[in-house]
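So that we are looking at the same thing, I have put the structure below in structure tokens.
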Amino acid sequence: MIVNTAECKALLDTARRYGEEGKPLHAGQIYRRVMRALPEYDEPYLQLAGLALAGKNGGEAMRLLREGSTRCGDPTRCRVMLADLTLQRGECS
């Protein structure tokens, strides 16, 4: 369990590094760990959605962003990314 902000920051830094090194599964595991412990943080949702998009899984990216939009303390970035993705996918009516 994540107990403090410094530990959370260190985990997010590690996950970002794994993503940059081309290790999306390792990065995803860490982002999910942070999401479970601190669901109010938006970064794990955004980063996991980015990883899903990189893996050509737009549906999963949208699911993650919807979840972030309801669980984050400040859902603005999740909602903006979800709106952008919705427009890109042509799912607006």
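The values are calculated or read from the model by the stated rules, or taken from the named source; none is laboratory data. The shown structure was predicted, so the numbers you read here are calculated from the model rather than taken from an experiment. Glycine gets a Cβ as well: all are built from the backbone with ideal geometry, and neighbour counts include every protein chain shown. The protein model used for the area step is the full one, side chains on, heavy atoms only, and it has no ligands, DNA or RNA in it. Shrake-Rupley method; radii C 1.70, N 1.55, O 1.52, S 1.80 Å.
What does the helix-only formula give at 222 nm for the chain: each DSSP H stretch with n ≥ 4 adding -39500 (n - 2.57), the total divided by the residues, and the result rounded to the nearest 500 deg cm²/dmol? Provide the component values of the computation, followed by the final result.
Numbers: 5 runs with 69 residues, N = 93.
Theoretical 222 nm ellipticity from helices: -24000 deg cm²/dmol.
In addition: Tell me the carbon and sulfur percent of the accessible area for the chain, rounded to whole percent, probe radius 1.4 Å.
Numbers: 3000 of 5650 Å².
Ligands and nucleic acids excluded, carbon and sulfur reach 53 percent.
Could you work out how far helix 58-71 tilts from the main Cα principal axis of the chain, as a 0 to 90 degree angle to the nearest 10?
Orientation of helix 58-71: about 70 degrees from the principal axis.
Find the all-direction average of the projected area of the Cα convex hull for the range 39-93, expressing the result in square nanometres with one decimal place. Please list the in-between numbers first.
Numbers: hull surface 13.4 nm².
Average of the hull's projected areas for the range 39-93 equals 3.4 nm².
Could you give the angle, 0 to 90 degrees to the nearest 10, between helix 43-54's Cα long axis and the longest principal axis of the Cα atoms of the chain?
Value to nearest ten degrees: 60.
Can you compute the radius of gyration and Dmax for the chain, using only the Cα atoms, both in Å?
Looking at the chain, its Cα Rg and Dmax stand at 13.1, 44 Å.
Counting heavy atoms of the protein chains only and a 1.4 Å probe, report the per residue accessible area for the chain as a whole number of Å². The partial results should precede the final answer.
Numbers: 5650 Å² over 93 residues.
With all protein chains present, the chain gives 61 Å² per residue.
If you put +1 on each Lys and Arg Cβ and -1 on each Asp and Glu Cβ, how big is the dipole of the chain around its Cα centre, in Debye rounded to 20?
Values: 14 positive and 12 negative charges, 43 e Å.
So the magnitude is around 200 debye.
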